[in-house]
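The values are calculated or read from the model by the stated rules, or taken from the named source; none is laboratory data. Quick caveat, the model's predicted, so the values are computed rather than measured. Here the Cβ positions follow ideal geometry from the backbone for every residue, glycine too, while neighbour counts run over all protein chains shown. Protein only, heavy atoms only, side chains kept; ligands, DNA and RNA dropped before computing areas. Shrake-Rupley method; radii C 1.70, N 1.55, O 1.52, S 1.80 Å.
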Amino acid sequence: MTSLPDADWRHRPGLDALLQALGAEQGLVRFVGGAVRDGLLGLPVNDLDIATVTDPNGVMDRLKAAGIKAVPTGIDHGTVTAVIHGWPVEITTLRRDVSTDGRRATIAYTNDWREDAARRDFTINALYADPLTHEVTDFFGGVADLKAHRVRFIGDADARIAEDHLRILRYFRFLARFGHDEPDPQAYAACRAAANSLMALSRERIADELLKLLALPRPLASLRLMIDGGILQPVIPEIDGNGLARLSTLIEREAVSSADLSAVRRLSALLPPDPRTADQVGARLKLSNKARKRMMTALEGSGTEATPRTLAFHIGVEGAIDRILIDPSAPLDGMAMLTDWTPPRLPISGGALIARGLQPGPDVAKALAQVQEIWVAEGFPDEARVAEIADQTVSKFQRARQ
């Protein structure tokens, strides 16, 4: 018998009261999915899902009777969210699929735990744990797969993918996170055969999965399988082996510099080094304007075109870090200059130049730009030096006008 080990998340304030309200003592609920999987691996558990035989309206009634905040976040699909001490817990009624079209499913409720497990994607995600005895229920060999670092679809891989095409991308993300980089042959073949079905998905869902994969410590092997298998070709044909080589270099440089990893930065490296292409892909994936701008900035120039702080002054610290890390010719020792550094503002205005005798007009903006250029080149000296630079610049403009 496999049991869920003790962990901090099982002792969060309010959880016992929630379980009591939902009928844990009557066997009506079990922990399910990621909390059980990650709990068995000793990983942090942030999101908690609970499965129950009680229908959604009954769940709402139980929570309200116990004075627990209940939010009908997905009640049409069987999910209610309980909020305990600011912590959301998703509670979903056992379900079975009536029909699916690869994007969404029509479901019916059931009281059969195995039937609920059978509609899930991977064996390692179809694990349940009794919240009182902590005994794990494993219908499809998920515990053995966890120990073997093996990611398998439940039952027939082709059928699971036909139910939800996003499972193709989820497979490679889970392989990168829990696997040993060797795909299950049946799973890999099914993903390759169904790759064109990704075109039926919303680009937001594709982007979400891709960025989650890129945010993992070791995404390269899974990405290589995806590129070699033509998985991304129907939706992001710009990603190829050259991009994988650039990403590999970036990941090495992230590790050497101890920089925080960024999925958006990694996506930038994975794409051809062209800002326009990055913007087009970002638009296709429905990324935010902020993310698209970041990708374009990262690819607009070299990380060696200025000192790190000069570069950061002009394009921001985030942009400078991205550009330096992506450019393999840029030295990494300058990264320390950007740690906890905020680009300063030029401590003088056009009005101060006019007060020094410069005539109002176009010359003010030009002179101020020259003052800033010298100030940046000298490494952002103090106000006393800025005053000297301003005096010299105003004198130069005045002489030019005589």
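Taking the criterion of being under 18 Å from R170 (Cβ atoms) and of a type in the set (A, V, I, L, M), the residues of segment 221-253 that qualify are A221, L223, L225, M226, I227, I231, L232, V235, I236, I239. In summary, G39 fulfils each of the numbered conditions (1) surrounded by fewer than 21 Cβ atoms within 10 Å (Cβ to Cβ); (2) under 16 Å from L127 (Cβ atoms); (3) touching a strand residue (DSSP E or B) at 6+ places or on another chain (Cβ under 8 Å); (4) not hydrophobic (A, V, I, L, M, F, W, C) with the single exception of condition (1). Just for segment 331-340: of the residues that are on the phi < 0 side of the Ramachandran plot, surrounded by fewer than 16 Cβ atoms within 10 Å (Cβ to Cβ) and in a loop (DSSP other than H, G, I, E, B), which one is modelled with the lowest pLDDT? Among them, the one singled out is T339.
Among the residues that make up segment 202-219, is at least one of them outside the structural domain of P5 (by the TED database), surrounded by 19 or more Cβ atoms within 10 Å (Cβ to Cβ) and not in a helix (DSSP H, G or I)? Yes, the conditions are met somewhere in segment 202-219.
Can you tell me which of G155, G141 is in contact (Cβ under 8 Å) with a residue 12 or more places away in the chain and surrounded by fewer than 14 Cβ atoms within 10 Å (Cβ to Cβ)?
G155 is the lone residue from the list that is in contact (Cβ under 8 Å) with a residue 12 or more places away in the chain and surrounded by fewer than 14 Cβ atoms within 10 Å (Cβ to Cβ).
Within segment 306-330, residues that are on the phi < 0 side of the Ramachandran plot and without any contact (Cβ under 8 Å) to a residue 40 or more places away in the chain have Cβ atoms under 6 Å from residues that are surrounded by fewer than 24 Cβ atoms within 10 Å (Cβ to Cβ) and among the β-branched types (V, I, T) in these pairs: I315/T297; G319/T297; S329/T304; A330/T304, counting only partners at least 6 apart in sequence or on another chain. Filtered by the rule that a residue be among the aromatic types (F, W, Y), within 28 Å of the chain's Cα centre (by Cα) and within 19 Å of D116 (Cα to Cα), segment 127-182 gives Y128, F153.
Okay, residues lined up against (1) of a type in the set (D, E, K, R); (2) more than 23 Å from T93 (Cα to Cα):
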| position | (1), (2) |
| --- | --- |
| P131 | no, no |
| K147 | yes, yes |
| R160 | yes, no |
| L166 | no, no |
| A176 | no, yes |
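Checking each residue in segment 114-148 for being among the small types (G, A, S) and more than 12 Å from V36 (Cβ to Cβ) picks out A118, G141, A144, A148. In segment 7-36, the residue that is modelled with the lowest pLDDT out of those that are open to solvent by 50 Å² or more (accessible area, probe 1.4 Å) and under 28 Å from R170 (Cα atoms) is D8.
Quick one: which of P328, P343 is open to solvent by 30 Å² or more (accessible area, probe 1.4 Å), outside the structural domain of Q392 (by the TED database) and within 23 Å of E388 (Cα to Cα)?
P343
Residues considered: P360, P343. Of these, the only one that is assigned to a loop (DSSP other than H, G, I, E, B), under 22 Å from I324 (Cβ atoms) and free of Cβ contacts under 8 Å to residues at least 60 places away in the same chain is P343.
Every listed requirement among (1) of a type in the set (D, E, K, R); (2) at pLDDT 95 or above; (3) outside any helix (DSSP H, G or I) is met by K293 save one, (3). Scanning segment 70-87 for residues that are exposed (fewer than 12 other Cβ atoms within 10 Å of the Cβ) and more than 22 Å from D116 (Cα to Cα) returns H85, G86.
If you check R96 against the conditions, is it in contact with a Leu (Cβ under 7 Å, 6 or more places away or on another chain), closer than 30 Å to A195 by Cβ, surrounded by fewer than 18 Cβ atoms within 10 Å (Cβ to Cβ) and modelled with pLDDT under 95? Taking the combined requirement at face value, the residue does not satisfy it. Being closer than 19 Å to R253 by Cα and surrounded by 12 or more Cβ atoms within 10 Å (Cβ to Cβ) is the requirement here; does G301 meet it? Spelling it out, G301 is indeed closer than 19 Å to R253 by Cα and surrounded by 12 or more Cβ atoms within 10 Å (Cβ to Cβ). Considering L311, L287, the condition of being part of a helix (DSSP H, G or I), surrounded by 20 or more Cβ atoms within 10 Å (Cβ to Cβ) and among the aliphatic types (A, V, I, L, M) is satisfied by L311 alone. If the condition is being under 22 Å from the mean Cα position of the chain (by Cα) and polar (S, T, N, Q), then segment 185-203 contributes only S202.
When G67 is tested against (1) open to solvent by 60 Å² or more (accessible area, probe 1.4 Å); (2) in a loop (DSSP other than H, G, I, E, B); (3) at pLDDT below 95, exactly one condition is not met: (3).
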